[in-house]
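The values are calculated or read from the model by the stated rules, or taken from the named source; none is laboratory data. Given the structure is predicted, the values throughout are model-derived calculations rather than measurements. When we count neighbours, we look across all protein chains shown, and the Cβ atoms used for this are built from the backbone with ideal geometry, even at glycine. Remember, those area values only see protein heavy atoms, side chains included, never the ligands or the DNA or RNA. Shrake-Rupley method; radii C 1.70, N 1.55, O 1.52, S 1.80 Å.
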Amino acid sequence: MIELKALTPADIVAHNLGEDAETVRWLTGEYGTEESTRQHFERLANNASSGLGARGFGIWADERLAGYIECDPDLADLPAKGDVNVSYSIHSWARRRGIATAAVEIICEIIVAEEIGSRAIARIEEGNTASIGVVSRLGFEFMGTYRSTIDQHLDGKPMVYQVYSLDLHRRI
């Protein structure tokens, strides 16, 4: 059983221990510290309270923190009004078990239930075949390749994403 739960200070150590080179490469850009993770969790809690910005959750499987997922309707780099960026990372012990697919499906249900947006967007770097597989299994459609106006590599070059979308109202 896969569950999404709000992250709390009690989850900081497990969250940071779950970060590995793949998490840093495809999602965060750097390893979290206790303080940076605490600040991130506080920002997510404030966003959830205000109904603005990214909403993040721990992904729980087998009663363990198995990863992280968020949805962000306010990301400046989205194709259209009503779009919600979805991003996630799965801890190495939990990969290749369908957990990411289940978590993305649940976050899409939350986006609809809480009326956050009408279309889920996944911006995935070329080469991240695992994430491309997740969104493909869920019926996301390839929109095209996009050079980000806000995200960049450590060398300053802009990130180039393959963008996938899922019309959430057609799914219901």
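Observations
- Taking the criterion of being closer than 23 Å to residue 147 by Cα and β-branched (Val, Ile, Thr), the residues of region 86-133 that qualify are 86, 121, 124, 129, 132.
- Just one of the listed residues (120, 48) is more than 19 Å from residue 162 (Cα to Cα), among the hydrophobic types (A, V, I, L, M, F, W, C) and touching a strand residue (DSSP E or B) at 6+ places or on another chain (Cβ under 7 Å), and it is 48.
- Pairs where the first residue, in region 69-83, is farther than 14 Å from residue 143 by Cα and the second is among the hydroxyl-bearing types (Ser, Thr, Tyr) and in a loop (DSSP other than H, G, I, E, B), C-beta under 6 Å, 6+ apart: 82/118
Yes/no matrix, rows are residues, columns are (1) of a type in the set (S, T, N, Q); (2) part of a strand (DSSP E or B); (3) open to solvent by less than 20 Å² (accessible area, probe 1.4 Å); (4) within 22 Å of residue 31 (Cα to Cα):
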{"site": "100", "(1), (2), (3), (4)": "no, no, yes, yes"}
{"site": "105", "(1), (2), (3), (4)": "no, no, no, no"}
{"site": "115", "(1), (2), (3), (4)": "no, no, no, no"}
{"site": "149", "(1), (2), (3), (4)": "yes, yes, no, no"}
{"site": "159", "(1), (2), (3), (4)": "no, yes, no, yes"}
{"site": "166", "(1), (2), (3), (4)": "no, yes, yes, no"}
{"site": "170", "(1), (2), (3), (4)": "no, no, no, no"}
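- Listed by first and then second residue, the pairs with beta-carbon distance under 8 Å, at least 6 apart or on different chains, first residue in region 120-142 and farther than 23 Å from residue 81 by Cα, second in a strand (DSSP E or B) and open to solvent by 50 Å² or more (accessible area, probe 1.4 Å), are 126/145; 126/160.
- Members of region 119-141 that are closer than 20 Å to residue 70 by Cα and either in a strand (DSSP E or B) or open to solvent by 60 Å² or more (accessible area, probe 1.4 Å) (or both): 119, 120, 121, 122, 123, 124, 125, 129, 130, 136, 137, 141
- Positions within region 147-172 being closer than 22 Å to residue 111 by Cβ and touching a residue at least 40 places away in the same chain (Cβ under 8 Å), in sequence order: 148, 150, 151, 163, 164, 165, 166, 167, 168, 169, 171, 172
- Some residue of region 3-15 being touching a Lys or Arg at 6+ places or on another chain (Cβ under 8 Å) and either among the acidic types (Asp, Glu) or at pLDDT below 90 (or both): yes
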